[in-house]
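To keep things clear, I will list the structure first and then write my remarks on it.
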Amino acid sequence: MRRLGGFYLLAVAVAALPFIFPDNYFVTVVGVSAGLHAILAVSLNLLMGYAGQISLGHAAFFGMGAYTSAILTTRYGWNPWPTILVGLAFTGVIAYIVARPILKLKGHYLAMATLGLGIIVHIVIVQMGWLTGGPDGLGSIPTLSLFGWTVDTDLRWYAVIGTLLMLVIWLALNLIDSRSGRALRALHGSEVAAEMMGIDTAATKTGVFVLAALIASLAGSVFAHQQAFVSPGSFDFFFSIELVTMVVLGGMASTYGAVLGAIILTFLPELLVVFEDYEVMIFGAILMGMMIFLPQGLFIGFQDLLRKFTHRRAVTKKEESSHGVA
Amino acid sequence: MALLDVKDLTISFGGVTAIADLHFEVPESQVYAVIGPNGAGKTTLFNMLSGIYKPNEGSIKFQGKEIVGRMPHQVAEMGVSRTFQNLQMFFNMSVLDNVKVGCHLRTRSPIWSAALRLPSILKEERQAQAWAREALIFCGLEAYIDQPADSLPYGVLKRVEIARALAAQPKLLLMDEPAAGLNDTETVEMRNLIRRLSETGISVLLVEHNMGLVMQVSDRILVIDYGSRLAEGLPEEIQNNPKVIEAYLGGEVQYAV
């Protein structure tokens, strides 16, 4: 199957990494973090890359999932599994309520409104200390376990999050290549033409906004159980911006691009630690350079380069062979 | 009963009346042209017919059902499709996917069955693919099927828009200046395409500045000027109507004639 070729390749790579590098910090610790970021980037990419609706507040939904799980398990002693579902329901309802008024806005105005949403959620988390633990956060969140299999090692978390990531990528790929996915892309291309083709653009925007929020909430719940600790800093404005950067860096409107962007933005700071004080400067310079030379994003940019390269080789080969005949 | 029945249509923008008291009827399976000088209100009329603008007064009945008050996607559901004066392509998609969007109303699968790729999806995808191909071939675009939309020349894109509208199987197709910006060869192709369209039983409402094209393809013509109805009739009646000649050529020229 050509459609899912890249998917199988990625699945094999994700499954093989811990065997090739057993007990490697970059695979089981940074890798898990990259996996969570990739899930978030893929969900944001559905909204931003495909449907063309910018959101500077995606971390808010990630936070809603994380705090729902954290609060229900630590303060009320719930089992972790139902808290994930409650998180999904809570985030879904909030996203649905804010979607209609927010998504009437376009461009910069939509960016400002989603930015406001992100900041409000962050402030609520910080201020409602009696429930959320305030700036100190909430600790001792229990880990997940299923039929006696407890997810209590880095490697097991890698397996759980790797599986979840592949599931989310699979859903996103299926969605994009369907009637609903075309409606999303049409919305991005021309809203008025999409309407005239019978697409209810308001409902479609709401739908993709809620879907992206639900995936983020799921990632948030998993994040809370994996870290066993949540604090407001993980869900602030800067994290929303980081998610947007992942999507743009990897390549808008490309699911693999979003994954690549998430992996790079997670690993780069780890690798740049050797530069100590200059880490942030080098990080910024790399981002600027990438955007200047590969403005379509890394994934699509590299694809184009590769195509040009193979095309040129094919052409020169043809010329060579034709010269040979002459 | 007329397919489209427009009565007492009026719309104004901030005190400027763009369309005043307009009435006309489009019979079934005909090419009906709306002409008029620049700024006469033709595109405004189209935007009301497709639900984008809401008129201040009047009614637009399509097959006896009221269009006024419906959203554009609901108007599309009734069987009205359109093309645009300034291209409204989905430049982020291939030609085939552009036209597949046209099949939106003919397919039904919900978002969750698409995400899980249930077997019903595969069948529907194949069906949409076949419909889209059919529409593309009808418009003579088989050579461009797999190309990205942003790589194609203007004249081709004009026809892709028509194919996209056709894929929705409309009863009425609104065409806003299909020949604008086309060269002579492309204009002849467009004329033939409009003729073949009406032969399939689709009614066409045409706004166009190319008078040669309008006179050749239209069954009836409505002339509007300053938002009001100036004349209506068969092409030869319109050509010889002194009021129309005056509107187009200016009052003084009439004395010279």
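Considering the conditions (1) free of Cβ contacts under 8 Å to residues at least 12 places away in the same chain; (2) closer than 28 Å to A:SER178 by Cα; (3) outside any helix (DSSP H, G or I), A:TYR76 is excluded by exactly one of them, (2). The set of residues in the range B:85-96 that are touching a residue at least 40 places away in the same chain (Cβ under 8 Å) and either of a type in the set (Asp, Glu) or more than 7 Å from every other protein chain (Cβ to nearest Cβ) (or both) comprises B:GLN85, B:LEU87, B:SER94, B:VAL95, B:LEU96. Flag: A:LEU85 does not match the condition of being assigned to a helix (DSSP H, G or I), touching a Phe, Trp or Tyr at 6+ places or on another chain (Cβ under 8 Å) and in the same structural domain as A:LEU184 (by TED's automatic domain parsing). Which members of the range A:117-149 meet the condition of being part of a loop (DSSP other than H, G, I, E, B) and either loosely packed, with under 12 Cβ neighbours inside 10 Å or of a type outside the set (A, V, I, L, M, F, W, C) (or both)? Hits for the range A:117-149 are A:GLY133, A:GLY137, A:GLY139, A:SER140, A:PRO142, A:THR143, A:PHE147, A:GLY148. Residues that are small (Gly, Ala, Ser) and on the phi < 0 side of the Ramachandran plot were ranked within the range A:194-212; the one that is farthest from the other protein chains (Cβ to nearest Cβ) is A:ALA212. So which residues in the range A:9-19 are without any contact (Cβ under 8 Å) to a residue 40 or more places away in the chain and either β-branched (Val, Ile, Thr) or not assigned by TED's automatic domain parsing to the domain that holds A:ILE169 (or both), if there are any at all? Answer for the range A:9-19, where residues must be without any contact (Cβ under 8 Å) to a residue 40 or more places away in the chain and either β-branched (Val, Ile, Thr) or not assigned by TED's automatic domain parsing to the domain that holds A:ILE169 (or both): just A:VAL12.
Those residues that are crowded, with 18+ Cβ neighbours inside 10 Å, without any contact (Cβ under 8 Å) to a residue 60 or more places away in the chain and not in a loop (DSSP other than H, G, I, E, B), I need them from the range B:45-60; list them, please. Selection gives B:ASN47, B:MET48, B:GLY58, B:ILE60.
Within the range B:173-191, the residues that satisfy the criterion of being buried (at least 19 other Cβ atoms within 10 Å of the Cβ), of a type in the set (A, V, I, L, M) and either within 16 Å of B:THR43 (Cα to Cα) or outside the structural domain of B:SER29 (by TED's automatic domain parsing) (or both) are B:LEU173, B:LEU174, B:MET175, B:ALA179. Beta carbons closer than 7 Å, at least 6 apart along the sequence or on distinct chains, pair a first residue in the range B:200-213 that is over 14 Å from B:PRO170 (Cβ atoms) with a second that is of a type in the set (D, E, K, R) and in a loop (DSSP other than H, G, I, E, B) for B:VAL207/B:GLU177; B:GLU208/B:GLU177; B:HIS209/B:GLU177.
Remark: B:SER113 matches the filter, which requires a residue to be within 11 Å of chain A (Cβ to nearest Cβ) and over 17 Å from B:VAL204 (Cα atoms).
Checking the structure you have, find out if any residue of the range B:23-36 is touching a Gly at 6+ places or on another chain (Cβ under 6 Å) and crowded, with 22+ Cβ neighbours inside 10 Å. Looking through the range B:23-36, none of the residues is touching a Gly at 6+ places or on another chain (Cβ under 6 Å) and crowded, with 22+ Cβ neighbours inside 10 Å. Provide a single number: the residues in the range A:181-193 that are at the interface with chain B (Cβ under 7 Å from one of its Cβ atoms) and crowded, with 23+ Cβ neighbours inside 10 Å. The number of residues fulfilling the criteria is 4.
Hey, any hits in the range B:37-48 for a residue that's aromatic (Phe, Trp, Tyr) and away from chain A (no Cβ under 13 Å)? Checked against the condition, which is being aromatic (Phe, Trp, Tyr) and away from chain A (no Cβ under 13 Å), the range B:37-48 yields no hits at all.
Which one of B:GLU28, B:GLU66 is assigned by TED's automatic domain parsing to the domain that holds B:ALA231, free of Cβ contacts under 8 Å to residues at least 12 places away in the same chain and in contact with a strand residue (DSSP E or B) (Cβ under 8 Å, 6 or more places away or on another chain)? Outline the logic, then answer.
Details: B:GLU28 fails: free of Cβ contacts under 8 Å to residues at least 12 places away in the same chain.
Just a single option satisfies the conditions, and that option is B:GLU66.
Looking at the range B:134-151, is at least one residue touching a Cys at 6+ places or on another chain (Cβ under 6 Å) and either facing chain A (nearest Cβ under 8 Å) or under 23 Å from A:ASP200 (Cβ atoms) (or both)? Working first, answer last.
Going through the range B:134-151, the residues touching a Cys at 6+ places or on another chain (Cβ under 6 Å) turn out to be none.
Looking through the range B:134-151, none of the residues is touching a Cys at 6+ places or on another chain (Cβ under 6 Å) and either facing chain A (nearest Cβ under 8 Å) or under 23 Å from A:ASP200 (Cβ atoms) (or both).
For B:TYR154, the criteria (1) of a type in the set (Phe, Trp, Tyr); (2) crowded, with 17+ Cβ neighbours inside 10 Å; (3) away from chain A (no Cβ under 14 Å) hold in every case but one, which is (2).
The values are calculated or read from the model by the stated rules, or taken from the named source; none is laboratory data. It should be emphasised that the depicted structure is a prediction, and the values quoted were computed from it without experimental measurement. Glycine gets a Cβ as well: all are built from the backbone with ideal geometry, and neighbour counts include every protein chain shown.
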